[in-house]
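FYI, it's all coordinate maths here, none of it is from the lab. What you are looking at is a predicted structure, and each value in this text was computed from that prediction instead of being measured. FYI the Cβ positions are ideal-geometry reconstructions off the backbone, even for glycines, and counts take in every protein chain you see.
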Amino acid sequence: MATDPRVLSPESVEEALGPARAEPARAETPAGFIAKIPLHLALIGLVVLWSIPTVALLVSSFRDPTAIASSGWWTALTEPGNFTLDNYRDVLDRRGMGDAFINSLVITVPSTLLVILVAAFAAYAFAWMDFPGRNALFLVVVAMLVVPLQITLIPVLRLYANMEVDWEVPLIGGRLFGTASFPAIWLAHAAYGLPFAVFLLRNFFGGLPRDLFESAYLDGASDLTVFTRIVLPLSAPAIAALAIFQFLWTWNDLLVALVFLADPEMYPMTVRISNLVSSFGTNYQVLTAAAFISMAVPLAIFFALQRYFVQGILAGSIKG
Amino acid sequence: MIGRRWWVPWLWLSPALALIAVYLVYPTIDTVRRSFMDANSSEWVGFDNYRFIIENPRPLVADTHQALLNNALWLVLFTVATVALGLVIAVLAGRVRYESFAKSAIFIPMAISFVAAGVIWRFMYEFNPDIGTINRVVTELGGERTAWLQNNQSPQSWFTDLGPQDAWGPFQLNNFSLITVAVWMWTGFAVVVLSAGLKGISTEVLEAARVDGANEWQIFWRIIIPIVSPTIAVVATTLVILTLKNFDLVWVMTGGRFGTDVVATQFYRQAFVVGDRGVGAAIAVVLLLMVVPIMLISLRRFQFQEETR
């Protein structure tokens, strides 16, 4: 695990993403180029191999249903022009993926904000406040990283069953709390993300220069001022990395939604697709388009914010 | 440090601690308690549930031995394959100008859900060679198509003319198919972390070795591997924890049928499908006990870094 806060510095990310320092790109002589041909072939071969499954899905999702069922996706590459958006129209209108997309957003965005807020408070206390049992308590929080999510489901479900609150709350869908409400799943996702979030932010906060805090405290700044004026602005890269991580993790979750959301109206895309898989096992015109809609947001985030994504990976490689 | 009232830190910590207590600590304790009780959690039964796991009395309903063996196969094969591929790709990519492009391509599967990956690979593994990419390649090469996710025969029958053979232990074709998908998803993670480690190797060391006549092979084994071995340990630890908790991929692709159950899917089946909460909880505790040693190693390393920071 990377606990060194320098890991999150822009330079280290530049290094992880950019060209290697250890192997400066030397001026390529013809002999050097020929010597490198096996290297290029091996690497490009691996890249192609890795991309084929995703490309196959993407190409197929734009093909006519009869074409998908009768010929391979690779035939579409040699005779292009027969692409259609019908699969997407069908999936969004008739299979409920449009609503599921909204549900995914309604589940993911508040959980992500909640994790960041709660974890930042705790991380500040762990990093810059003295209290008895601080290190032991922090270790307990980090230890929760390895608790397999599945084992918590039954006890939490039993708690929820005792806590159904039947008020209708129109804005957040269904009820205020319990297995047919969004707040219940927000809290669950936030709690499952907390050990990692506290771990990541505490390490980053702890790496901020001590002088900054001491002079602020001397000037009579309160904890809240230090937190909002110094800690949060300086920690933007770490918070961005955490936000992306938590967003993707919640967006991609199947299990928590499957167990905690009893109301089909509230299903996110992952649950919807996994139901489509059970009922339309080989109906690929439905499955490919549905899967690609669910991948669109993660892929957009990945391409737009790759730098922060990599930061999160490097800083949090303890997370299982 | 400023003087604070004693309860101020606890105020800042309380939302996080409350959530963790309710959603993680309490359920863990409750699961341990339940593992010593019967199917409805009404009576204490001592170690009966653990005996059930060891004796495996109902292999047709829930084969606990198969699940443990499959998990062991995942643990070794997935971890070794992902680290090895990650290292090879990181080293190769570090020597070309399109490094970030190559790494991004390998890394993309990390961003998508297990559900989407499940759809992608069902399509790849499709039985009909007119549609399924892998069966198409196999038949073009003169092999015979197969149902990659259902076939629980020994994989040797694919390389020899012996015909289908019963698999020994977890060495079933469909387990290898599933592990392939996991490797596809996680190699990008290994590449990113390992290349960050590789950047730490100074040019001087490599140049000095080349001047002394070392070939690339020797440089890889004698210099690069020893220097990045701590990074390899970090990656391997993460992957091992991941395999022990591995649930989603197996659940989405086979539902644990055809002999592909792992410990986490076995737990889910016992607890939610069979309805035996006692045995389910006992499996969960076994799972937890397997993760604890790895967690302790990670924590010790963390404490060491704290002291030296």
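Descriptive notes on the structure:
- For the stretch A:237-291: rounded, prolate or oblate by the Cα gyration tensor [a/c cutoff 1.5]: oblate
- Spin-label model, B:Ile225/A:Val55: points 7 Å from Cα along the beta carbon direction are separated by 3.3 nm.
- Neighbour counts of other Cβ atoms within 10 Å put A:Tyr284, A:Tyr267 in the fewest-to-most order A:Tyr267, A:Tyr284.
- B:Met37 long-range amide H proximity, modeled H, under 5 Å: B:Val45
- Only the Cβ atoms of Lys and Arg (+1) and of Asp and Glu (-1) were treated as charged; on that basis the dipole of the protein assembly as shown about its Cα centre amounts to roughly 740 debye.
- Averaging Cα coordinates gives a centre for the stretch B:246-302 and one for the stretch A:278-310; these two points are 27 Å apart.
- Shape class for chain B, computed from the alpha carbon gyration tensor (a ≥ b ≥ c): oblate, with a/c not under 1.5 and a/b at or below b/c.
- Residue mean of other protein chain beta carbons inside 10 Å, B:223-231: 0
- Whole-Å distance, taken between Cα centres, linking the stretch B:55-82 and the stretch A:181-222: 39
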